[in-house]
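Novice: Here it is, the structure, as structure tokens.
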Amino acid sequence: MGGAVGLKGTDGVAALAERLGASPVSRGRAERAFRRLLELFGGHIPAHVLTAGGPMGGDLLSELGVEHSVVHTPGERTTAEDTKRACSIFASENVDLILFCGGDGTARDVASVSGDLPILGIPAGVKMHSGVFAVSPEAAADLASGYIRGELRARETEIADVDEERYRRGELVVRIYGVARTPYLPVLVQQRKQIYASSDEEHSRLEIAQFAREFMSDGSYYILGAGTTTAKIAELIGCEKTLLGVDVIRNGRTVMKDASERDLLKLLEGIDGDVRIIVSPIGAQGFILGRGSQQISPRVLRIVGPEKLIIIATPHKLRDLKHLLVDTGDLEMDRALAGRRQVVTGYRIAQLKEVRAASDVLETGD
């Protein structure tokens, strides 16, 4: 829940995130997954469902009318130990699949005690480097359904995470923590993030930045999402940019650094001028919104307007992506952003690329 308030994760800082106004998103995303699962099974899940109690699953399943057994009751404030305790019990019961909701920290906790049991993540974190996450809550339901029916097999993938303290300082250090098995269908499971580093990539970033420096001289406010390509733009302009945060630049000057959703909304209320948003796809997954730059929320996007979104990407990265994805948590906004869009790939060069709502990828089947 730390993305919108600019914390880039909540490992060890959940209380701070709450004080800054962050709201948990896991329950809503878990609900989307289970409503889809109930739809796929005609209103009744043909399996014995085990869960942790209260906010860790029991409350939601009771509300949805899903028959279940509570195997662990957490305290008033849930912790990673509650996750591990529940999953240890799941493992001792030799369940067929552990379905969890969260980010990489949760994936690490689940994998640390699940042994060889397949696990599947409903994406609800700020950073999701691990390959066990579905591309959307609805996709998680489709994968779980296919696995329960015996139509899908599990494959091994990596559990990865970053050092959040260094991440908040602008250092991206990814570590592999192990492997896990997860139900797999290529279009529905995200690939583990890749970090591209080559002379060709650097040259392409420079060309994109040179073009951006030209069009950003029009007096508009530019909200820059996270990433090395947007950071290159700020560097060329001569502005300081948080590599893994969201910043605002106008007329060659940093107006706002490492902004939260609240900061951006306050800025948008108080300015009289044009605003544009520049984002770049994250790693090998193709997400331009919903992973990493959650400060650029549906509320911010509605005020600025989907048509004011500028997408940039190096040709190398774009070539490896069949399409780009958005997962803002607001299906209406995701679909407003979808369609064929221009992506700036060099100096005054752009390519058309399909942008899709992550929740709709499963409907197209490709």
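Novice: Quick one: which residue in Ala259, Ala226, Ala212, Ala284 is at pLDDT below 95 and over 21 Å from Asp330 (Cβ atoms)?
Specialist: Testing whether each residue is at pLDDT below 95 and over 21 Å from Asp330 (Cβ atoms) leaves just Ala284.
Novice: Now for a separate question. Any idea which of Asp258, Asp272 is part of a loop (DSSP other than H, G, I, E, B), of a type in the set (D, E, K, R) and in contact (Cβ under 8 Å) with a residue 60 or more places away in the chain? Working first, answer last.
Specialist: Working: Asp272 fails: in contact (Cβ under 8 Å) with a residue 60 or more places away in the chain.
Result: Asp258 is the single residue among Asp258, Asp272 that is part of a loop (DSSP other than H, G, I, E, B), of a type in the set (D, E, K, R) and in contact (Cβ under 8 Å) with a residue 60 or more places away in the chain.
Novice: Shifting gears a bit: Would you mention how many residues in region 99-147 are assigned to a strand (DSSP E or B) and either open to solvent by 20 Å² or more (accessible area, probe 1.4 Å) or of a type in the set (Val, Ile, Thr) (or both)? Show your work before the answer.
Specialist: Filtering region 99-147 for residues assigned to a strand (DSSP E or B) gives 99-102, 119-123, 133-134.
With the extra rule that they be either open to solvent by 20 Å² or more (accessible area, probe 1.4 Å) or of a type in the set (Val, Ile, Thr) (or both), the set shrinks to 99, 101, 119, 122.
Here the count works out to 4.
Novice: Taking region 295-310, which residues are small (Gly, Ala, Ser) and either buried (at least 19 other Cβ atoms within 10 Å of the Cβ) or assigned to a helix (DSSP H, G or I) (or both)?
Specialist: Across region 295-310, the qualifying residue is only Ser297.
Novice: Looking for something surrounded by fewer than 18 Cβ atoms within 10 Å (Cβ to Cβ) and in contact with a strand residue (DSSP E or B) (Cβ under 8 Å, 6 or more places away or on another chain) - is there at least one such residue anywhere in region 274-294? Talk me through it step by step, then tell me what you get.
Specialist: So in region 274-294, the residues surrounded by fewer than 18 Cβ atoms within 10 Å (Cβ to Cβ) come out as 274, 284.
Okay, now just the ones that are also in contact with a strand residue (DSSP E or B) (Cβ under 8 Å, 6 or more places away or on another chain), so 274.
Yes.
Novice: Here is a follow-up. Which of the following residues is under 27 Å from Ile282 (Cβ atoms), touching a residue at least 60 places away in the same chain (Cβ under 8 Å) and in contact with a Leu (Cβ under 6 Å, 6 or more places away or on another chain): Pro123, Pro137, Pro118? Walk me through how you get there before you give the answer.
Specialist: Values: Pro123 fails: in contact with a Leu (Cβ under 6 Å, 6 or more places away or on another chain); Pro137 fails: in contact with a Leu (Cβ under 6 Å, 6 or more places away or on another chain).
On inspection, the qualifying residue turns out to be Pro118.
Novice: In region 14-40, which residue that is open to solvent by 30 Å² or more (accessible area, probe 1.4 Å) and part of a loop (DSSP other than H, G, I, E, B) is modelled with the highest pLDDT?
Specialist: This residue is Val25.
Novice: Out of everything in region 148-177 that is of a type in the set (Gly, Ala, Ser), at pLDDT 60 or above and surrounded by 13 or more Cβ atoms within 10 Å (Cβ to Cβ), what residue ends up being nearest to Ser112 (Cα to Cα)?
Specialist: First pass over region 148-177, keeping only residues of a type in the set (Gly, Ala, Ser): 150, 154, 160, 170.
Within this subset, residues satisfying the condition of being at pLDDT 60 or above are 150, 154, 160.
In the following step, the residues that additionally are surrounded by 13 or more Cβ atoms within 10 Å (Cβ to Cβ) were identified as 154, 160.
On the way: Ala154: 18, Ala160: 12 Å.
Among those that are of a type in the set (Gly, Ala, Ser), at pLDDT 60 or above and surrounded by 13 or more Cβ atoms within 10 Å (Cβ to Cβ), it is Ala160.
Novice: Output the qualifying pairs, or none if there are none: Cβ atoms under 6 angstrom, residues six or more apart or on different chains, first residue in region 325-348 and in contact (Cβ under 8 Å) with a residue 12 or more places away in the chain, second residue open to solvent by 60 Å² or more (accessible area, probe 1.4 Å) and not in a strand (DSSP E or B).
Specialist: Tyr347/Gln210
Novice: Given (1) part of a helix (DSSP H, G or I); (2) surrounded by fewer than 24 Cβ atoms within 10 Å (Cβ to Cβ); (3) at pLDDT 95 or above, where does Val248 come up short, assuming only one miss?
Specialist: Status for Val248: all satisfied but (1).
Novice: Quickly run through region 74-94 and pick out the residues that are assigned to a loop (DSSP other than H, G, I, E, B) and open to solvent by 30 Å² or more (accessible area, probe 1.4 Å). Spell out how you get there, then give the answer.
Specialist: Step one: of region 74-94, the residues assigned to a loop (DSSP other than H, G, I, E, B) are 74-79, 93-94.
Selection gives Gly75, Glu76, Arg77, Thr78, Thr79, Glu93, Asn94.
Novice: Looking only at region 221-245, count how many residues are closer than 19 Å to Val300 by Cβ and surrounded by fewer than 17 Cβ atoms within 10 Å (Cβ to Cβ).
Specialist: 0
The values are calculated or read from the model by the stated rules, or taken from the named source; none is laboratory data. Please read these numbers as outputs of a predicted model, since none were measured by experiment. Cβ atoms come from the backbone with ideal geometry, glycine included; neighbour counts cover every protein chain shown. Remember, those area values only see protein heavy atoms, side chains included, never the ligands or the DNA or RNA. Shrake-Rupley method; radii C 1.70, N 1.55, O 1.52, S 1.80 Å.
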